[in-house]
Amino acid sequence: MIPHPPITARYAGSAEKPAFVRHLFDDGAKYYDAVVDWGFLHSGAFYRRWAQKRHGLKPGMQLLDVACGTGLMAEAAVQILGSAENITCLDPSEGMLAVARTKLTARFVLGRAEALPFADGTFDFLTMGYALRHVASLEGAFSEFRRVLRPGGKLLILEVTKPTRRLGAFMFRLYFGRIYPSLTRLFTRSREAATMMTYFWETMDACVPPHSVLEALRTSGFVQVARQPLLGLFSEYTALKA
């Protein structure tokens, strides 16, 4: 299952998506932290830490952060684990990894969610923050997540979900589809940064519904699969490797 149909205005088909996404984040990496920080009203750092702690991340665990970007999830995890020595950060964008390396002493690996370059049963906890829409295949990524987790290991995926009610959907579209990209272009003076945020909206709008994500997790062999919605906007997907 793909997370959304191809955005044909950006790339021709699913085969071209990984290269497009990689170049998009390479070009927008230097603007990413600032844009995400003010775009979510400076709440992101607290929320990432709170979510990981609530769902069971503890000192001593080996953590894999998939699609780590500039390291925002990993930075929050450091405050729980006490250091970055047990954190591995993976991302397909060298531009994003370059920014993350300036902030963390974690292990950094260039790679994709669908082909994790790690041995079976390596990690206790696996996170993905707001990147599920960018994978090529949900089952492909989830199967890899399950493979590299140890028995009893936990998966936590944070994502933004389009509201189902009419007013909420309208406000969501207005902010993420128009206001956010426009302000990004105004403040950064970067067409690449604005394109990145516009693409975020396009993928949010087209993304499969939560029940499809949950079904893909179950199909991939996870147990205790659940989704916890928050504020009608965020989704916290959790699952365990039996």
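Summary of computed values
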{"item": "FRET E, pair A169, L110, Förster distance 51 Å, beta-carbon r, rounded to 0.05", "result": "0.90"}
{"item": "Once the Cα gyration tensor of segment 1-139 is diagonalised, semi-axes √(5λ) in Å", "result": "25, 18, 14"}
{"item": "Ranked packing of 125-137, 93-105, most packed first, by mean Cβ within 10 Å", "result": "125-137, 93-105"}
{"item": "Free-standing Cys residues across the chain, given no other cysteine C-beta under 4.7 angstrom", "result": "C207"}
{"item": "Max mean-square fluctuation residue, GNM over the chain, Cα-Cα springs under 10 Å, options G111, G28, G13", "result": "G13"}
{"item": "Segment 110-161: Cα Rg divided by the 2.2 N^0.38 Å rule of thumb", "result": "1.08"}
{"item": "Spacing of the two label points (7 Å from each Cα toward its C-beta) at T122 and S14, in nm", "result": "2.6"}
{"item": "Two-decimal Rg to Rh for segment 97-205 - Kirkwood Rh, Cα set", "result": "1.05"}
{"item": "Fluctuation leader among F46, F145, F176 - the chain, Gaussian network, Cα springs under 10 angstrom", "result": "F46"}
{"item": "Relative contact order %, the chain, counting alpha carbon pairs below 8 Å whose residues are six or more apart", "result": "20"}
{"item": "Too-long pairs where the Cα-Cα distance tops 27 Å, listed order kept, from K58/K241; K17/K162; K30/K154", "result": "K30/K154"}
{"item": "Sequence-separation-based contact order of segment 25-168, relative, with Cα cut under 8 Å and 6+ spacing, percent", "result": "22"}
{"item": "Option label - Cα extents along the principal axes in Å computed here, alternatives [x] 45, 37, 35; [y] 57, 44, 30; [z] 64, 36, 34", "result": "[x]"}
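Bear in mind these aren't lab numbers, they're just calculated from the coordinates by the rules spelled out. Here the structure is a predicted model, which is why all the values come from computation and not from measurement. Heads up, the Cβs are rebuilt from the backbone with ideal geometry, glycines too, and the neighbour counts pull from every protein chain shown.
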